[in-house]
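Structure, as structure tokens:
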Amino acid sequence: MRVLLADDHQILRDGVRKGLEAAGAEVVGEADNGADAVELAASTRPDIVLMDLSMPVLDGVAATERITDEVPGTKVVVLTMHDDPDRTRAALVAGAVGYLSKGTSFDDVLDTLERAHAGEEVLSPKLAATMLRAAQENSPNDDLLSDRQREILQMIADGLSTKQAARELGITQKTVHNHLNATYRRLDTQSLTHAVLSAVRLGIIDLNHGEEPSAAAAGGAS
């Protein structure tokens with residue numbers, strides 16, 4: 001896994017670099033502003049960019065949008081200290097496939113990067129709950145999805161991977177993906193992250209489902 005680090009804090013970059021290299025990942029470059037992150041992504045073609053949102057020259061949201069547009073195949077995971085729902089939502093719209101709080105453990109950061117590299121979109125329940133707390137104003141629409149589609153989407157929102165959901169339900173991973181594809185069509189979205197967010201807005205699923213507040217925080221990058 002080849003990773004580009006984009007953060008204006010040298011100490012944080014140093015710590016993440018050491019952890020990633022110890023885990024066998026390759027750090028292909030570091031950027032301390034968004035414009036350099038875009039340039040380095042174009043020249044190094046990393047698998048993942050770990051992106052801060054608050055950076056000079058070009059902020060993380062704009063940098064994410066440019067990277068996802070200009071460097072196909074490179075995925076962006078946001079690592080941010082801010083719980084601003086508008087900025088977090090903007091990062092998702094810009095193309096980020098996952099986002100984490102800087103209070104997240106390194107193990108959860110590594111797990112999120114590996115899952116993003118494997119093609120999953122990784123939603124942090126804690127940050128998603130913050131982002132959507134004010135958005136849950138629509139009436140529930142339980143008829144929009146089937147029971148199984150709702151069940152699978154709830155599992156994803158709770159932090160399970162599609163493989164884990166398949167195992168829990170006793171079905172194949174392909175069947176899980178078929179249900180998710182049908183869910184995308186019904187919710188008019190092409191993204192797992194956006195499908196979860198849409199389902200929360202509609203009251204179909206609950207991001208705090210089955211979790212105590214401390215468990216949600218511990219879920220971090222699940």
- Query: Within segment 167-175, is even one residue modelled with pLDDT of 80 or more, farther than 30 Å from residue 81 by Cβ and in contact with a Ser or Thr (Cβ under 7 Å, 6 or more places away or on another chain)?
  - Reply: yes
- Note on the structure: Given the conditions (1) more than 14 Å from the chain's Cα centre (by Cα); (2) crowded, with 19+ Cβ neighbours inside 10 Å; (3) of a type outside the set (Val, Ile, Thr), every one holds for residue 81 apart from (2)
- Matching entry among 59, 14, 8 (being closer than 18 Å to residue 94 by Cβ and of a type outside the set (A, V, I, L, M, F, W, C)): 59
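To keep it simple, each residue is scored yes or no on (1) farther than 18 Å from residue 97 by Cα; (2) touching a residue at least 60 places away in the same chain (Cβ under 8 Å); (3) surrounded by fewer than 16 Cβ atoms within 10 Å (Cβ to Cβ).
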residue	(1), (2), (3)
6	no, no, no
10	yes, no, yes
20	yes, yes, no
30	yes, no, no
51	no, no, no
57	yes, no, yes
64	no, no, no
71	no, no, no
76	no, no, no
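Residues are listed down the side, and each one gets a yes or a no for (1) within 20 Å of the chain's Cα centre (by Cα); (2) at pLDDT below 90; (3) at negative phi; (4) surrounded by fewer than 15 Cβ atoms within 10 Å (Cβ to Cβ):
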| site | (1), (2), (3), (4) |
| --- | --- |
| 99 | yes, yes, yes, no |
| 115 | yes, yes, yes, no |
| 126 | yes, yes, yes, no |
| 132 | yes, yes, yes, no |
| 135 | yes, yes, yes, yes |
| 145 | no, yes, yes, no |
| 158 | yes, yes, yes, no |
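The values are calculated or read from the model by the stated rules, or taken from the named source; none is laboratory data. Quick caveat: nothing in here was measured; it's all calculated off a predicted structure. So basically every Cβ, Gly included, is an ideal-geometry build from the backbone, and we count neighbours across all protein chains shown.
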